[in-house]
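Structure first, then comments.
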Amino acid sequence: MWAELLVVPRRAGLRLLRRRHGGSGTMRLQAPQFQALFTPGLRSVAELFEKKNYELRIAGGAVRDLLSGVTPQDIDFATTATPAEMKEMFTAAGVRLINNKGEKHGTITARLHEQNFEITTLRIDVVTDGRHAEVEFTTDWHKDAERRDLTVNSMFLGLDGTLYDFFNGYEDLKSKKIRFVGKAAERIQEDYLRILRYFRFYGRIAEKPGDHEPNTLQAIRENAKGLAGISGERIWVELKKILLGNHVSHLVQLMYELDIAQYIGLPLDGNLEEFARVTKNIQNLSPKPMTALTSLFKGKDDVTNLDLRLKISKEEKNLGLFLVKHRQELTKAPGPEPLRPYQDFLMDSREANTNSKILELLKYQGEEQLLKEMQEWTVPSFPVSGHDLRKMGVSSGKEIGTALQQLREEWKKSGYHMDKEELLSCLKKL
């Protein structure tokens, strides 16, 4: 039986008042973030379920976020109604149903008042293979919670604000602990991607690095090989979130210690010292995940191998190759114009997205001030055209091309400050 608590909003967050009724009871959430969820669409959905006596609750991550005082980006709902019962109910009410791909897994998506509602029937995993599960439907909330990965993700919230917490998820959330529901090895073997989800939520919720339960780490070590059977795309989704979370240097080092790296496309001899240095530099600079990850790599082959395993996008691969190639040779200049090498590189480049790559390089190098200057710098337009040269009597196409190149070099030497008149007068001297 879970603790009975009453939660009421305060300016500084949530205030908890403990209630006791024979050792059991409920926790009611009345925070502004919760009240804000009750749009006309949700009220209409709630009325439909209530008329049919089907239970409907907010599930998983949205509950975790609400209890943390955060407005959830996505809201998943769980219900005792089966997909067939939901379809019949919504159809009779004239509600539009969309995206029927989730139906075999128990999910129905209804659209009301310009808002989509994803609602899933309570489930039990019947067969699991470490990647996918065959499910059967249930009306038992405890059994559905039991099949979820982490305690902080296993809670439900009734639309009256009642919290249903079967595995002490709220206590773990308050103490910033990340634990698997039940036995860690069993949860991992149901879906090996949960290893990376553990790291992701550790980086999101835990207060300090290294606060892991030994039996959890042991279970991860013993099951790390299972990640070899997980698709690269699923791994990359989780890894990107880990790279942008807290404690990233600690977590990636732990991946190596627990023998995970080789199964998720990371180099066996990753440069952990450089990774620790770079991730410290970029933690407040909003880097792209690839910018952080590239610091593990010693050469372009590491980027290629990552792509083979994880099927990263062309843009991500090109960024990795750019950083590996230029992180040591393209650096700030001594003297009064430290940004000039980056500006010159951009002006000379014929490749797409060079500006965004240079910004990521500056983050990688920890050049916060130069990053701000580069973001504010407007790429100037070369002020002279072939038409200007023809008016001066230069007629040959080859001569025009040569002259334009010479003038572009002079313009570059001036720090892109020379105007058309200055450049054309300069041509007379060349």
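When the accessible area of the stretch 311-430 is computed with all protein chains present and a 1.4 Å probe, what percentage of it is carbon and sulfur?
Taking all protein chains in place, the stretch 311-430 shows 48 percent carbon and sulfur surface.
Against the longest alpha carbon principal axis of the chain, how many degrees, from 0 to 90 and to the nearest 10, is the axis of helix 314-326 turned?
Once rounded, one gets 50 degrees.
Carbon-plus-sulfur fraction of the accessible area of the stretch 109-220, 1.4 Å probe, in percent?
Ligands and nucleic acids excluded, carbon and sulfur reach 42 percent.
Tally Lys/Arg at +1 and Asp/Glu at -1 over every other residue whose Cβ is under 14 Å from the Cβ of L42; what's the total? List each step's numbers first, then the result.
Working: positive: R43, R57, R111; negative: E47, E50, D74, D76, E114, E118, D160.
Residues near L42 contribute -4 overall.
Mind jotting down the distance between the C-alpha centroids of the stretch 60-91 and the stretch 121-199, whole Å?
15
Identify, among P380, L293, T354, the residue whose Cα sits farthest towards the positive end of the charge dipole of the chain, taking +1 on the Cβ of Lys and Arg and -1 on the Cβ of Asp and Glu, with the dipole about the Cα centre.
Of the listed residues, the answer is P380.
Could you work out how far helix 397-413 tilts from the main Cα principal axis of the chain, as a 0 to 90 degree angle to the nearest 10?
Once rounded, the angle reads 70 degrees.
Give the angle, between 0 and 90 degrees and rounded to the nearest 10, that separates the Cα long axis of helix 420-429 from the longest principal axis of the Cα atoms of the chain.
Between helix and principal axis, roughly 40 degrees.
At 0.36 nm per residue, and after removing the present C-alpha to C-alpha distance, how many nm does the segment from F345 to N53 gain when stretched out fully?
98.5 nm
Could you sort S44, S425 by accessible area so the largest value comes first, with the probe set to 1.4 Å?
S425, S44
In whole percent, what relative contact order does the stretch 104-235 give with Cα contacts below 8 Å and a gap of six or more residues?
Contact order relative to length: 19 percent.
Say we join alpha carbon atoms closer than 10 Å with springs in a Gaussian network model of the chain; which of G182, G415, G69 then has the biggest fluctuation?
Maximum fluctuation in the GNM of the chain, among the listed residues, is at G415.
If I model a spin label at K298 and K174 as a point 7 Å from the Cα along the Cα→Cβ vector, what separation in nanometres do I get?
4.9
Between N355 and K183, how high is the FRET efficiency from 1/(1 + (r/R0)^6) when r is the Cβ-Cβ distance and R₀ = 56 Å? Nearest 0.05. Don't skip to the end; give the middle numbers.
Details: r = 50 Å, r/R0 = 0.90.
Between N355 and K183 the formula returns 0.65.
Defining a contact as two alpha carbons under 8 Å apart and six or more residues distant in sequence, what relative contact order in percent does the chain show?
Computed value for the chain: 9 percent relative contact order.
Given +1 on the Cβ of Lys and Arg, -1 on the Cβ of Asp and Glu, and no further charges, what dipole in debye does the stretch 221-306 carry about its Cα centre, rounded to the nearest 20?
300
Per residue of the stretch 386-396, in order, report the coupling 6.51 cos²θ - 1.76 cosθ + 1.60 (Karplus, θ = phi - 60°) as ³J(HN,Hα) in whole Hz, putting x for Gly and Pro.
x, 4, 4, 6, 4, 5, 8, x, 7, 10, 5
Mind checking the per residue accessible area of the chain for me, 1.4 Å probe, whole number of Å²?
52
Nearest 500 deg cm²/dmol is fine: what mean residue ellipticity at 222 nm does the chain get from its DSSP H runs of n ≥ 4 alone, each adding -39,500 (n - 2.57), divided by its residue count?
Estimated from H runs of four or more residues: -13500 deg cm²/dmol.
The values are calculated or read from the model by the stated rules, or taken from the named source; none is laboratory data. Given the structure is predicted, the values throughout are model-derived calculations rather than measurements. Every residue, glycine as well, gets a Cβ built from its backbone with ideal geometry; the counts of neighbours run over all protein chains shown. For accessibility, only protein heavy atoms count, side chains too; no ligands or nucleic acids. Shrake-Rupley method; radii C 1.70, N 1.55, O 1.52, S 1.80 Å.
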